[in-house]
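Participant: I have a structure here, written as structure tokens, and I will follow up with some questions on it.
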Amino acid sequence: MRRNSALLAVIALGLAFCSGRAPVKVSVEIPGSAAIPRDTIQTLLLAGFYQEKPAQDFDVDAALVRYLLDEFKPKIKGTVEAAPVSWPGPQALSDKEFWKKIGAGRKATFLTGKAEFVQETRKALLDSGARDFDGPFKPRDPWTVRKFFSLQIEVVLIDARTGEPVFRRNFQETLNAENIKQTAEFAVFDLMGRIKIKLLRSLFGSERPLDRYLLIK
Amino acid sequence: MRRPRHGLPFFILLAALAGFAVGQMSYYPYYGKNKINYERFPWKTYATDHFTVYFYAEDTRLLQYVVDTAESAYKSVSTELKHQLTEPVPLIFYTTFTDFEQSNIFPVSEGVLGVSEPILFRIGIHGDMPINEFQDTMTHELAHIFQFDLLWGSQGGALTAVSQPPGWTFEGLSEYATGRWSSWSTLILRDTVLNDRIPEFDESGDLVTRYPLPRDPAYDFGHAIYEFIVDRYGPNAIRDFWQILKSSGSFLARRDPLIRAFHQTPREFGQEFKKYLRARFKDFFARENPEDYSVPLGPEFPINPYYFAFSQALSPSGEMVATITYNALDNEMNVVLLSSKDGRILKTITKRYTSDYEYIKYEIDPSLGPSLAWSPDGDRIAFFARDGRRHSLFIVSPLTGETMKKIALALDQPTGLCFLPDGRTLLFTAFEKGIHDIFALDLETGAARNLTNDEAFEKAPAISPDGKILVYSVRAGQDDKLVLSPLTDLKTRTVLSTGPGSAVCPSFSRDGRTLFYAGDARGTYNIYSLSLETGEVRRHTDVRTGNFFPTALPGGPNDILFSSFNKGSFQLFKGQAAGAVETTIAIPAGERDKPLEKFKPALTFELHKDKIEERKGLGKLYVTARPPVDAIISTDGSIYGGSAIGFSDVLANHQFSVLAYQVREFRSYGFTYANLSGRLQYAINAFQYAIYYYPDLYYYEPSLWSRATYNDAMAVRKITGVTLALFYPLDRYMRLEGGLGFYSYEEDFNDPYSMSSLGYQGGYGFINGTMLMASLSLTGETTRFKPYGPATGSTFRLSVSQSLPVAQNFLSNTTLEADARKYFYLGSDFLFALRFQGALCAGRDKLLSYYGGNNQVRSAYFYSIVATEYWFADAEFRFPLIGLAQTLIGTIGPIRGVVFFDITRSKYGDFPARFYRYDPALSTADSTVYVSGDAFGSFGAGFEMFLFGLPLHFEWVKRLEWTSIAKPFSFSRIGSYGLKFWIGFDF
């Protein structure tokens, strides 16, 4: 009986291990929730971004507008245009009357906000071994140089008829470039590439590719 | 036409190794042809903001072109991709294409305009092209450098790359970066779309096509894919796509980049792409197919094996057409004659597999003019062919195909042939030191005279029947314009085509009153005619794809022969197309030195001649290839492991390599320096090799088997030495090789004490001593290869090695070796192959040779014949059985049959030249009987198949023996047929 019990236990365990509940991995596109359904936008006006301290050598605002124009045109069925405004001051962003006046009753949405772009050249000393090296070979430079870029933007969507903001969100990205020849224009492009993904996801609920596991009996 | 542009450099140096001293056969049985560096270029450098330009041209105008186009390309590509390179790009400029072929960095073949490589980010480019094409090529190659930088981060990053994205992602972006579509690329794209032959994406994301295309779809369809991406997803999408490619590792890693970038599977993306293309060319659907108004003459692949009519020449009588075509059976270009009545192939004029020239020169771009011409008297056909460093003009008889005359040219890229009416002069275009002009060649004296001698890019000259007027096309800006000049004064020009687009391929009507040409004013190349009397311009066709080379046929005024691009190839058509009057122009009077629009790069720079530096010394050295890591398990269970690393200078003229490997406890090292900068090349090799083997005594001493193990019987040969090898190519097929080497041999049993206790001392053919040896070889190979092996031609190698009497205790010997092979191609992959091989080593310290088995002497075991003098001969009849076969284990093939015969005779030291075979039938327990004879060999049949690229041989072999070689027809057949299997390449 004991031998039979042991045998039965082994058989039971074997059947349990062999039973099929293998997980199957699938990749799915998970839609997000859209802050604004893109079909509802008839006209998107890119009004530019307010900068407290504009960069001297490079027009950040123009680069951002150009980038967003290229991004939104294929994604929105309505029209997308650049509509630069003259900023009376930072308070204009919250001034409904300001936007109603510029909108002139059009059934449109302004995309605007604030932007702050920082670029620096940073140097760092390497470990002391590089400096103390003494021999027939040329020692490597004791420091390394990087270019640092930071872009912080607040994106606001404003209904042109009411002047009310319908979307507001902050984004910030930084970039450390080993290539010291990297230009500000190209860095803004790279940084906007990262911001765009988050912006579109939160704005239009773009799909996110995720892996899920299905248990199949 | 641009060809593959990037890849790791693979120039292989034939370095002298110590193994040649022992007379062993090479594992790879082919000697190779020669790449000749005809001259040593005096390199200079010039640094710009983004490039280090390497050049040697004396004319600084060429450097100005290079600098302007390079920096213009950098500006446009950098702006397009929003990226900056970290380091200056080494840009190596060759003045002519034939100079470019001498590069040690890049694999260059006919048609390659430029190359870029991903290790050191070098670009190679030549100047034999119009300036606007030079700009496009520069932009294309520089775009590749940006791609490498985006993908792999820096110079050398590709060394650690595991995989790379599909070809269309690279080539398509480079074509897109030029911002232009050449008329040739547009033609291919449009033809493919209109004939519904658009390539598709396979599962790996590569573009694949079921139909033949004139060039890799990665270029033109890749270009169209990027335009589709921009059209559908915006201009930023390209950069986003490349960011995703960079993070993808392999194209299938975790998630397809197309899905990640565009949320579409490759299949969905491909379907949308097809819709885009069809919408783009929808206006052309309603246009004509050439068969709507003309009759196809051919070539008609696959009805006959000829594919593509690259160029044609009509006989003076109009009854025959000569065309350059690709022979798919023989895998080579031929000139064939077709009937202009029904397209029947009348004759193949050019010899098959000739070594009179390397290949016939032809152009895919019709605007460059015809690649062959028929003389006015009908007795000669002329074409250019590659002959050594440059091209030669070959004049052949259309009746017999015999070469009547050959004239070598000192010019580059000749094309656009045109006989003058007297038949004694031939006009053509060519490059002379980077400038493209029209030349007149005196067929009697062989002297070429430059008729235009200017900076304009003239093409395709056509002479009027009375010999007074010349019409040709000239590159003006981005287009080609037709120009008319008196033959006696080519400085006076009348520009005939002033409308939009290009006009190419001019030819006169038989009465000389009408000029036919191909023009693309309507977006495709159609046949036009211009009345030189009334100025009436008539358009004869409205084709979807493109019509070229209109030639008036005898008959009605609208009877024309022309070439049409349809369904992926050029075919000849003849027809009557009356056409309609398009316009009437007033033909202006000729204007002396009339300026034509000249292409200018977007940026121009001031050249600082004081910044030009002579290049001296080696400069920096770079790792140029990923070090291999080899691990092999041999049949005796031992493991072989090793690696090597190579360095070279930026021009790859000086190459260093270090290798190290080990099998069992035996280590080998080698260091090589090779200088490839001139025609005479040399290599210095320092090495220590340790190899182990099992000496013959273990095979031939059965009494030893029970007393010693396999390991005990192992012998080790250690060779330490330094060699100097010299290579001097006489021409493409023959070279001289010389060498001087110092060798120290140490050879003994691996465990000499153990073998000594068994009564075996050293001296069983072991070599111990020092040797200083000089050698000289003459090697030649004209053999042409097909995928299964050699097909036609011959190969030979004769060498002599002499040890130098430095000291009494130095090894002393003289070795003569000969290897000769001949292949007779019988057609349809049937061939007859002969080989003779032999060696003789004389002197006090004779070196041993080992051979036998495989396809040397089939009835002997592998390397079982040991000799100091030997010869063997093989004869094989090889024939096709199966092309390719799909099996359970994969695709195998081709499968070929063989019937073979071989014979050998050998001599060991002072022993007589006889073989001995143990005969068990005659032997008894008390006496062992050996049969001897002068020679033995084999006869039999078998087949060869290829599996995973390895050639496998299965053969049934019967042994033959000759008691006396003086009676060659008196031989014995020994035993029955035995099955033998071996892996190796045919000789």
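The values are calculated or read from the model by the stated rules, or taken from the named source; none is laboratory data. Nothing here was measured: the structure is a model prediction, and the numbers come from that model. Note that each Cβ is placed from the backbone with ideal geometry, even for glycine, and that neighbours are counted across all protein chains shown. Accessible surface areas use protein heavy atoms only, side chains included; no ligands, DNA or RNA. Shrake-Rupley method; radii C 1.70, N 1.55, O 1.52, S 1.80 Å.
Participant: For chain A, which whole percent of the accessible surface, found with a 1.4 angstrom probe, sits on carbon and sulfur atoms?
Facilitator: Carbon-and-sulfur percentage of accessible area, whole number: 54.
Participant: Same structure again: Give me a single rounded figure for A:186-196: the average over its residues of other chain Cβ atoms within 10 Å of their Cβ.
Facilitator: For this peptide, the per-residue mean of nearby foreign Cβ atoms is 3.
Participant: Using the Cα centre of the protein assembly as shown as origin and beta-carbon charges of +1 (Lys, Arg) and -1 (Asp, Glu), tell me which of B:Phe262, B:Tyr733, B:Ala941 is placed farthest towards the positive end of the dipole.
Facilitator: B:Phe262
Participant: Right, here's the next one. Need the C-alpha centroid separation for segment B:331-386 versus segment B:487-560, integer Å.
Facilitator: Using only Cα atoms, the two centres lie 24 Å from each other.
Participant: Need the per-residue list for segment B:71-91: every residue with at least 50 Å² less accessible surface in the complex of protein chains than in the chain by itself, probe 1.4 Å, sorted by number.
Facilitator: Buried by the other chains: B:Lys82, B:Gln84, B:Thr86.
Participant: Considering only segment A:33-208, what is the antiparallel percent among its DSSP beta bridges, to the nearest 5?
Facilitator: Expressed as a percentage, antiparallel bridges in segment A:33-208 total about 75.
Participant: Then there is this: Size of the dipole of segment B:577-616 about the Cα centre, Lys and Arg at +1 and Asp and Glu at -1 on the beta carbon, nothing else charged, in debye to 20?
Facilitator: Dipole of segment B:577-616, to the nearest 20 debye: 200 debye.
Participant: Right, another one. Starting from a Cα-only point model with no solvent, please compute log10 I(q)/I(0) by Debye for the protein assembly as shown at q = 0.06, 0.07, 0.08 1/Å.
Facilitator: Result of the Debye calculation: -0.69, -0.91, -1.13.
Participant: Next question. Under the definition of partner shielding as Cβ atoms of other protein chains within 10 Å of a residue Cβ, what is the mean value for peptide B:226-239?
Facilitator: For this peptide, the per-residue mean of nearby foreign Cβ atoms is 3.
Participant: For segment B:206-214, take each phi angle, set θ = phi - 60°, evaluate the Karplus expression 6.51 cos²θ - 1.76 cosθ + 1.60, and give the result in whole Hz per residue in order, putting x for glycine and proline.
Facilitator: Calculated HN-Hα couplings, in order: 7, 8, 10, 9, 8, 10, x, 10, x Hz.
Participant: Roughly how big is segment B:295-592's charge dipole about its Cα centre, with Cβ charges of +1 (Lys, Arg) and -1 (Asp, Glu), in debye to the nearest 20?
Facilitator: Dipole about the Cα centre, nearest 20: 240 debye.
Participant: Around B:Asp649, what is the net charge, scoring Lys/Arg as +1 and Asp/Glu as -1 over all other residues with Cβ under 13 Å from its Cβ?
Facilitator: It works out to a net charge of +4.
Participant: Please report the antiparallel percentage of the DSSP beta bridges confined to chain B, to the nearest 5.
Facilitator: That works out to approximately 95 percent antiparallel.
Participant: Given H placed 1.01 Å from N in the peptide plane, which residues other than close sequence neighbours of B:Arg122 have an amide H under 5 Å from its amide H?
Facilitator: For B:Arg122, the qualifying residues are B:Glu117.
Participant: Under the classification rounded if a/c is under 1.5, otherwise prolate if a/b is larger than b/c and oblate if not, where does chain A fall, given a ≥ b ≥ c as square roots of the Cα gyration tensor eigenvalues?
Facilitator: Oblate.
Participant: Taking +1 at the Cβ of each Lys and Arg and -1 at the Cβ of each Asp and Glu, which of B:Thr779, B:Thr963, B:Ser976 sits farthest along the dipole of the protein assembly as shown towards its positive end, judged by Cα position relative to the Cα centre?
Facilitator: Looking along the dipole axis, the top candidate is B:Ser976.
Participant: Quick check: Cα centre of segment B:59-106 to Cα centre of segment B:886-908, how many Å?
Facilitator: Segment B:59-106 and segment B:886-908 have Cα centres spaced 49 Å from each other.
Participant: Do any GluC sites (Glu not before Pro) in segment B:527-624 lie in a DSSP loop with no more than 13 other beta carbon atoms within 10 Å, and if so, which?
Facilitator: Passing both the DSSP loop test and the Cβ count: B:Glu533, B:Glu597, B:Glu606.
Participant: Separate question: Return the sequence-ordered ³J(HN,Hα) values of segment B:670-681 in whole Hz as given by the Karplus equation 6.51 cos²θ - 1.76 cosθ + 1.60 applied to θ = phi - 60°, using x for Gly and Pro.
Facilitator: Coupling constants for segment B:670-681: x, 9, 9, 10, 10, 10, 10, 7, x, 6, 7, 10 Hz.
Participant: If you take every DSSP beta bridge whose two residues both sit in the protein assembly as shown, what share of them, in percent to the nearest 5, is antiparallel?
Facilitator: Here the share of antiparallel DSSP bridges comes out near 95 percent.
Participant: What's the local net charge at A:Lys198, with K and R +1, D and E -1, over the other residues with C-beta under 10 Å away?
Facilitator: Charge balance near A:Lys198 sits at +3.
Participant: Moving on to the next point. Give me the percent relative contact order of chain B, please, defined on Cα pairs under 8 angstrom at least 6 residues apart.
Facilitator: Computed over chain B, the figure is 8 percent.
Participant: Roughly what % of Cα-Cα distances in segment B:782-987 sit above 30 Å, to the whole percent?
Facilitator: 33 percent
Participant: Taking the highest mean first, how do the peptides A:41-50, A:179-188 order by number of other beta carbon atoms within 10 angstrom per residue?
Facilitator: In decreasing order of mean packing, A:41-50, A:179-188 become A:41-50, A:179-188.
Participant: Could you work out the mean count of beta carbons from other protein chains within 10 Å of each residue's beta carbon in B:257-269?
Facilitator: 1
Participant: Here's a follow-up. Could you sort the peptides B:59-66, B:305-312 by per-residue average Cβ neighbour count (10 Å cutoff), highest mean leading?
Facilitator: Top of the packing list down: B:305-312, B:59-66.
Participant: So for the protein assembly as shown, taking the charge dipole from beta-carbon charges (+1 Lys/Arg, -1 Asp/Glu), which of B:Ser185, B:Gln837, A:Phe98 sits furthest toward the positive end?
Facilitator: Toward the positive end, the furthest listed residue is A:Phe98.
Participant: Specify the inter-centroid distance of segment B:428-450 and segment B:457-485, based on alpha-carbon positions, in whole Å.
Facilitator: 16 Å
Participant: Lys and Arg at +1, Asp and Glu at -1: add these up for the other residues within a Cβ distance under 13 Å of B:Glu268 and post the number.
Facilitator: Taking every Cβ under 13 Å from that of B:Glu268, the sum is 0.
Participant: Okay, moving on. Based on Cβ point charges of +1 for Lys and Arg and -1 for Asp and Glu, what charge dipole magnitude is obtained for the protein assembly as shown about its Cα centre, in debye rounded to the nearest 20?
Facilitator: 2520 debye
Participant: Roughly what % of Cα-Cα distances in chain B sit above 47 Å, to the whole percent?
Facilitator: Summing the P(r) of chain B above 47 Å gives 38 percent of all pairs.
Participant: Write down the accessible area per residue of the protein assembly as shown in Å², having rolled a 1.4 Å probe over the full set of protein chains.
Facilitator: Averaged over the residues of the protein assembly as shown, the accessible area is 46 Å².
Participant: From the square roots a ≥ b ≥ c of the eigenvalues of the alpha-carbon gyration tensor of segment B:839-916, which class results: rounded (a/c under 1.5), prolate (a/b over b/c), or oblate?
Facilitator: Cα axes put segment B:839-916 in the prolate bin.
Participant: Report, to the nearest whole %, how much of the accessible area of chain B belongs to carbon and sulfur atoms, 1.4 Å probe, protein only.
Facilitator: 56 percent
Participant: How big a patch of accessible area, both sides summed and in Å² to the nearest 100, lies buried between B and A at a 1.4 Å probe?
Facilitator: 1600 Å²
Participant: Among the lysines, which fall within straight-line cross-link reach of A:Lys25, defined as a Cα-Cα distance under 29 Å, with same-chain neighbours fewer than 8 residues apart omitted?
Facilitator: A:Lys196, A:Lys198, A:Lys217, B:Lys246
Participant: Enter the angle in degrees (range 0 to 90, nearest 10) between the Cα long axis of helix B:183-194 and the first principal axis of the Cα atoms of chain B, meaning the one along which they spread out most.
Facilitator: The answer is roughly 90 degrees.
Participant: Among the aspartates and glutamates, which fall within straight-line cross-link reach of B:Lys351, defined as a Cα-Cα distance under 19 Å, with same-chain neighbours fewer than 8 residues apart omitted?
Facilitator: B:Asp330, B:Glu332, B:Asp379, B:Asp387, B:Glu402, B:Glu781, B:Asp829
Participant: Follow-up. Grab the beta carbon distance between B:Thr209 and B:Phe954, set R0 = 45 Å, and tell me the FRET efficiency rounded to 0.05.
Facilitator: 0.80
Participant: Give me the three principal axis extents of segment B:295-592 from the C-alpha atoms, as integers in angstrom, largest value leading.
Facilitator: Extents along the principal axes, in whole Å: 51, 41, 33.
Participant: Moving to a separate point now. Cα axis of helix B:167-178 to longest principal axis of chain B: angle in degrees, 0 to 90, nearest 10?
Facilitator: That helix lies at roughly 40 degrees to the long axis.
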